[in-house]
Amino acid sequence: MSTARQPTVTLHPLSSYTFGVKESQPEEDPSVAARLLRLQAEHATQGMRTTVEGVLVVHEHGHPHVLMLQIANTFFKLPGEALKPGEDEIDGLKRRLNHKLAPPGGAPVDWEVGELLAVWWRPNFETFMYPYIPAHITKPKEMKKVYLVHLPDKKLLSVPKNMKLLAVPLFELYDNAARYGPQLAALPHLLSRFNFVYE
């Protein structure tokens, strides 16, 4: 099978990364309803929110795993968050990755942000996001961009102590929107265009 048209991404084993702990980072919103209320309040003054998230992929036994944060044993999310008004997307994602995963007290990590994997749209102040703007929506409330982040062969990642960093295999995410939600369940499809090389 030819992989000439497939971009190649090198994945390193989960065991080559070290995981530390840092101070808790309370979520700004205690619930989805609170997040939507804050989105509505901010929208009135700042307009559409832009959110950026990073997909960090490692491998275990030759199978791709996505690193994601687990909050309160039930909620899963990719590292990232909303940008400040006017903030550059890539710089903002690097800042958010440092906030969530860089070791405390050190110099900021220069993350290698790669390919744009997906753009999701929130048409209204509701939980649903779509990989397109519905035809009747002229002013979406939020745009989320999801980027692949290329990891070096070794790295220390520090996780806030009120969260867990899990390596979730693609086969667990695939067709599992009931547990992970449609955005995370879509990751196996989005990553299928890459030729993974396992080191």
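Result for the chain in a Gaussian network model with C-alpha springs under 10 Å: among 177, 102, 185, the largest mean-square fluctuation is at 177.
The amide H of residue 22, built 1.01 Å from its N in the peptide plane, has 159, 161 as neighbours under 5 Å, considering only residues 5 or more places off or on other chains.
The fraction of accessible area contributed by carbon and sulfur in the chain is 55 percent, rounded to a whole number (1.4 Å probe; ligands and nucleic acids excluded). To the nearest 10, the accessible area of residue 48 is 80 Å² with a 1.4 Å probe. Among 22, 154, 164, the order of accessible area from largest down is 154, 164, 22, computed with a 1.4 Å probe on protein heavy atoms. Under the combined filter of DSSP loop state and at most 15 neighbouring Cβ atoms within 10 Å, region 54-93 retains these GluC sites (Glu not before Pro): 87. Remark on the chain: hydrodynamic radius 17.8 angstrom, per the Kirkwood mean of 1/r across alpha carbon pairs. The residues 17, 174, 198, sorted by heavy-atom accessible surface at 1.4 Å with ligands and nucleic acids left out, run 174, 198, 17 from largest to smallest. Distance between the 7 Å Cα→Cβ label points at residue 24 and residue 164: 1.7 nm. Extents of region 77-184, largest first, come to 47, 37, 27 Å (Cα atoms, principal axes, whole angstrom). Surface calculation, 1.4 Å probe, protein heavy atoms: residue 24 sits at approximately 60 Å² accessible. In the full protein context, region 111-193 carries 52 Å² of accessible surface per residue, based on a 1.4 Å probe and ignoring ligands, DNA and RNA.
The values are calculated or read from the model by the stated rules, or taken from the named source; none is laboratory data. Source: prediction; values computed, not measured. Neighbour counts are summed over all protein chains in view; Cβ atoms, including those assigned to glycine, are modelled from backbone coordinates with ideal geometry. Note: areas computed on protein heavy atoms with side chains; ligands, DNA, RNA excluded. Shrake-Rupley method; radii C 1.70, N 1.55, O 1.52, S 1.80 Å.
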